[in-house]
Amino acid sequence: MHYNFDEIVDRSRTDAVKLDKLKALFGRDDLIPLWVADMDFKSPPAIIQALQERVLHGVFGYTLPSEEYTRSIVGWLNRRHDWQVDPLHINFVPGVVKGFAFAIDEFTNEGDKIIIQPPVYHPFRMVTRSLKREVVNNPLILEEGRYRMDFDGLRELASDEKCKMLILCSPHNPGGRVWTADELKELADICYQNNVLVISDEIHSDMALSGQRHIPFAKVSAESEAISLTLMAPSKTFNIAGIVSSFAVIPNKEIRERYLAY
């Protein structure tokens with residue numbers, strides 16, 4: 001299917017956050033709004049058509065995630081990321097940020113430490129602090145214009161028994177890194193050995209550029225599968241952030257059952 005990426009879409013007077021919050025956040029409204037990951041391309045015709053058909057039905061009551069919904073996710077992950085996921089491991093969540101907030105609340109206690117890898121998506125820090133957990137920084141290292149993980153620093157942090165969780169951003173926002181299998185395996189080994197749960201925010205997984213291929217954290221090893229809760233969504237891929245349709249992939253039965261019971 002061909003798509004017209006040259007069409008200019010006027011988003012004024014549509015309550016678009018990226019435009020209408022400029023004045024409040026930055027004191028002026030004549031800026032190019034690059035502060036939030038929200039594209040100005042129309043969503044694909046198939047999505048628009050499906051929404052139109054649903055609207056014509058005329059009833060918008062409480063809705064369950066359908067089998068078709070789950071099958072579409074399984075098929076997409078298989079085709080796009082060579083990741084074979086059991087449908088039972090997929091769980092709907094009302095947004096990725098809420099998804100990791102639920103995980104923090106369920107799997108850690110007030111005063112516990114949570115590792116993040118700055119510079120990184122700011123809600124990681126904001127949500128952790130709002131839930132009265134301690135943010136522990138494992139800063140990325142910038143070398144020749146490319147970020148890499150500080151594994152020595154991570155080993156030291158993860159060995160602290162108060163460190164219960166790491167929030168991974170993969171692909172990395174804002175650094176743009178698509179982590180390699182070796183990097184993800186090393187991170188998984190460190191966290192597995194120290195009983196650190198990894199919440200992997202993979203919302204940009206379909207946006208890898210320059211011939212890179214996103215590798216889901218949970219698929220790199222048995223260790224990563226055992227300690228992972230992966231959060232994904234079609235919102236960035238198809239520019240539908242206003243439609244809350246995120247999901248968690250949780251292979252570990254004990255983690256999954258606790259998360260579902262939250």
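Summary of values
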{"item": "Alpha-carbon radius of gyration plus Dmax, which is the widest Cα pair, for segment 148-217 in Å", "result": "12.4, 39"}
{"item": "Net lengthening on full extension, residue 26/residue 132 (0.36 nm per residue, minus Cα-Cα)", "result": "35.3 nm"}
{"item": "Computed log₁₀ I(q)/I(0) - Debye formula, equal Cα scatterers, no solvent, segment 210-262, q 0.15, 0.22 Å⁻¹", "result": "-0.55, -0.91"}
{"item": "Where the Cα pairs of the chain fall when distances are cut into 5 Å bins, in %", "result": "1, 5, 11, 16, 18, 16, 13, 10, 6, 3, 1, 0"}
{"item": "Radius of gyration and Dmax over the Cα atoms of segment 4-99, both given in Å", "result": "17.9, 48"}
{"item": "Built amide H within the under 5 Å cut-off of residue 200, gap 5+", "result": "168, 229, 230, 231"}
{"item": "Chain lengthening between residue 7 and residue 244 when straightened (0.36 nm per residue, less Cα-Cα)", "result": "82.8 nm"}
{"item": "Estimated vicinal HN-Hα couplings, Hz - segment 89-98 in sequence order (Karplus 6.51, -1.76, 1.60; Gly, Pro = x)", "result": "8, 9, 9, 5, 9, x, x, 5, 4, 4"}
{"item": "Beta bridge orientation in segment 67-261: antiparallel %, DSSP, nearest 5", "result": "40"}
{"item": "Longest DSSP-loop-exposure-free segment, GluC sites (Glu not before Pro), the chain, at most 12 other Cβ within 10 Å", "result": "8-109"}
{"item": "Trypsin sites (Lys or Arg not before Pro) restricted to DSSP loop in segment 161-262 with at most 16 other C-beta within 10 Å", "result": "162, 213"}
{"item": "Cα-based convex hull volume of segment 78-190 per residue, rounded to whole Å³", "result": "129"}
{"item": "Calculated from backbone phi, Karplus (6.51, -1.76, 1.60) coupling profile of segment 177-184 in Hz, x at Gly/Pro", "result": "5, 9, 5, 7, 4, 5, 5, 5"}
{"item": "Placed amide H near residue 83: partners under 5 Å, 5+ positions off or other chain", "result": "78"}
{"item": "Alpha carbon convex hull of segment 111-262, volume per residue in cubic angstrom", "result": "120"}
{"item": "√(5λ) per eigenvalue of the Cα gyration tensor, segment 15-60, largest first, Å", "result": "31, 13, 6"}
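Read-outs: derived from the displayed coordinates by stated rules, not from any lab. Values in this document were obtained by computation on a predicted structure and should not be read as measured data. Positions of Cβ are backbone-derived with ideal geometry, glycine not excepted, and every protein chain shown enters the neighbour counts.
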